[in-house]
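Reading through the structure tokens given below for one structure.
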Amino acid sequence: MFENTLSILPKPVRIQYETLIAPLNRNIKHNVQEGGIQTRPSQSNGLWCQFLLPSVLCMYFILEEVTLLYKISTFLSLGLLSYCSLFILFLSLSSLVVKEPVYGGCLASSLISTLLLYSVLKQNLLFSFMVSSATVLSFVWFLRYSLIKLPKTFTIGESIIANQSVTLFSVISILSSNWMLKSSERDEDTFFIYAIVFTVFMAVGLMIVALYSLNDTLQNMRSLIQIIATGATFVLITLHFIIGVDFVNKIVKFIFFTGYRKEIVTFWLLLVGLSISALSMRTKLAIKATTVTRKTFHVLASLVFLSGILFDIQLMLLAAGIGLGAIIFVEALRKSKIEPVTSALQAAFLTYSDEKDCGTFAMTPLYLYVGLACPLILVPSYSDDHKLELLSGVLSIGIGDTAASWFGSRFGFNKWSDSNRTMEGTAFNILSQIATVYTLIIFELINPKNALARTTFVATVTSLVEAQTDQVDNLVLPLVSIAAFQITRFVL
């Protein structure tokens, strides 16, 4: 990203970049290639990505009255950030840091989180050390595995941010589950949603393990049906114990007989049906999808999240969790060698994949979904004042990125330096986000303070990042958008 924008930076910044960052980036590229580590083809390593998630968490820690779990996740993210900095420094010297973890760096990073948890949050010292150590060591394992075992799937920066997210989500989910099961002051709706989502995640995990444990003779549809049936049975039994005997009635009532949820779910199912129909028709024709065609799915997915966030965020939380589990399971099926399912999914993937989907897994659709959903987890409040932050993913990648792609491909002529993006597309990106927020204000769907001014600033920032970065847009833009909205609180 920074290489492309170097010419427009102030001279002191250019000097610092050429002195410090550029040599670091070159050394890392050289060591990665020399060590036989295959990262996703890209002009830059995306080292700046390591700061995004910790920055968002820290800003909300400062700006909001957040929960204890949110504070814990913030301090754990700072421990991960310190390890990432050490990792990048060591990687600029040798690729051995990827193949053999530096336990001294793990210990030092764990101690940072431990001291923060113990001194600031007044947590038990043993608990603080165990949680911090488990978080850092898990992150190190995930990071090494993703770079070594999943060739051409991530850049260094993408791997860091993806594994930061997975590690923190896993640790906080475990802590949250333990707290909710023991607490008498829990919010029942939140407990209900989390119980279903975590149960679905566990079932998906068990089914994936079972899929990849099958030998060649058992890789058939009968085994798949048995695995799915076992997973469904696990979900039913688990929810029976956690929610109660009448859990089915509670789920049906929650989804279909509360407020306007029946209408919302019907709308979502219609969008899902349209997506599947379009996917099937294009796959049968075997015509490679263009970038603009792929962006159609951005719009459909954005409509799901836009309607959910505006009209019923509790239902959106439940649907987002279940949907994420479904997407992960479908991708596992694509790689499972179970015919004819694998062939059908692979044909669809080849039709709709882009140049960034050159690795082991199809990360772009997963990034799209996570990018749209991540504000639901990162934004600590669902009040009207936070609607813009909650819509960060929708605005940045669902509306802005799609608009830039469509307009730029048709009417764009002036390209940014060292980029295939056009200035016209960037301008339309900004205008489309502002127009969307203005429309929502007109229909009184949102009414945050200084909404248009804040959106103008954020849209400009995310559009410039989208135009210049060679990291995956769906992964980084929602976090950039949230961070930019946080900054507007200080200036607007």
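The values are calculated or read from the model by the stated rules, or taken from the named source; none is laboratory data. Nothing here was measured: the structure is a model prediction, and the numbers come from that model. Cβ coordinates were reconstructed from backbone atoms using ideal geometry, including for glycine residues, and neighbour counts include every protein chain displayed.
Please return the ranges of helices (runs of 4 or more DSSP H) entirely within the stretch 232-333 where 3 or more residues are at pLDDT 95 or above, within 19 Å of the chain's Cα centre (by Cα) and more than 30 Å from THR360 (Cβ to Cβ).
The helices (runs of 4 or more DSSP H) meeting that bar are 291-311.
Taking only the stretch 32-63 into account, find how many residues are in contact (Cβ under 8 Å) with a residue 40 or more places away in the chain and closer than 30 Å to GLN486 by Cα.
18
Return yes when LEU69 is of a type in the set (A, V, I, L, M), under 21 Å from SER146 (Cα atoms), modelled with pLDDT of 90 or more and not assigned by the TED database to the domain that holds ALA362 and no when it is not.
The answer is no for LEU69.
What are the residues in the stretch 409-442 that are in contact with a Phe, Trp or Tyr (Cβ under 7 Å, 6 or more places away or on another chain) and closer than 27 Å to CYS374 by Cα, if any?
GLY425, PHE428, listed by residue number.
I'd like the full set of residues that are basic (Lys, Arg), exposed (fewer than 13 other Cβ atoms within 10 Å of the Cβ) and over 15 Å from ILE193 (Cα atoms), limited to the stretch 238-293.
Within the stretch 238-293, LYS262, LYS284, LYS288 meet the criteria.
Out of ASP385, ASP418, report the one residue that is in a loop (DSSP other than H, G, I, E, B) and either within 19 Å of the chain's Cα centre (by Cα) or in contact (Cβ under 8 Å) with a residue 60 or more places away in the chain (or both).
ASP418
For residues that are part of a loop (DSSP other than H, G, I, E, B) and of a type in the set (S, T, N, Q), scanning just the stretch 347-382, find the one that is modelled with the highest pLDDT.
Top of the filtered list is SER381.
Just one of the numbered conditions (1) out of contact with any Ser or Thr (no Cβ under 6 Å at 6 or more places or on another chain); (2) at pLDDT below 95; (3) under 28 Å from ILE434 (Cβ atoms); (4) in a helix (DSSP H, G or I) is not true of ALA344; which one?
The failed condition is (3).
Yes/no matrix, rows are residues, columns are (1) surrounded by fewer than 16 Cβ atoms within 10 Å (Cβ to Cβ); (2) touching a residue at least 24 places away in the same chain (Cβ under 8 Å); (3) in contact with a strand residue (DSSP E or B) (Cβ under 9 Å, 6 or more places away or on another chain); (4) outside any loop (DSSP other than H, G, I, E, B):
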{"site": "LEU452", "(1), (2), (3), (4)": "yes, no, no, yes"}
{"site": "THR455", "(1), (2), (3), (4)": "no, yes, no, yes"}
{"site": "VAL458", "(1), (2), (3), (4)": "no, yes, no, yes"}
{"site": "VAL461", "(1), (2), (3), (4)": "no, no, no, yes"}
{"site": "GLU466", "(1), (2), (3), (4)": "no, yes, no, yes"}
{"site": "PRO478", "(1), (2), (3), (4)": "no, yes, no, yes"}
{"site": "ALA484", "(1), (2), (3), (4)": "no, yes, no, yes"}
{"site": "THR488", "(1), (2), (3), (4)": "no, yes, no, yes"}
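Hey, among ILE228, ILE196, which residue is buried (at least 20 other Cβ atoms within 10 Å of the Cβ) and either assigned by the TED database to the domain that holds LEU80 or assigned to a helix (DSSP H, G or I) (or both)?
One residue alone meets the criteria, ILE196.
Given the condition more than 20 Å from the chain's Cα centre (by Cα) and buried (at least 18 other Cβ atoms within 10 Å of the Cβ), answer yes or no: does some residue in the stretch 358-375 qualify?
The answer is no; no qualifying residue exists.
Using the structure shown, decide if GLY205 is small (Gly, Ala, Ser), part of a helix (DSSP H, G or I) and more than 16 Å from the chain's Cα centre (by Cα).
yes
Answer yes or no as to whether LEU91 is more than 19 Å from the chain's Cα centre (by Cα) and within 23 Å of ARG26 (Cβ to Cβ).
Yes, satisfied.
Which condition number does SER133 fail, the rest of (1) at pLDDT 95 or above; (2) more than 25 Å from the chain's Cα centre (by Cα); (3) of a type in the set (Gly, Ala, Ser) being met?
Status for SER133: all satisfied but (2).
Of everything in the stretch 438-473, what is acidic (Asp, Glu) and over 28 Å from LYS356 (Cβ atoms)? Give them in sequence order.
Within the stretch 438-473, just GLU444 meets the criteria.
Name the one entry in ASN420, ASN414 that is surrounded by fewer than 23 Cβ atoms within 10 Å (Cβ to Cβ) and over 23 Å from GLU158 (Cα atoms).
ASN414
Working only within the stretch 98-128, note down all residues that are more than 28 Å from the chain's Cα centre (by Cα) and either at positive phi or surrounded by 15 or more Cβ atoms within 10 Å (Cβ to Cβ) (or both).
LEU115, TYR118, LYS122, GLN123
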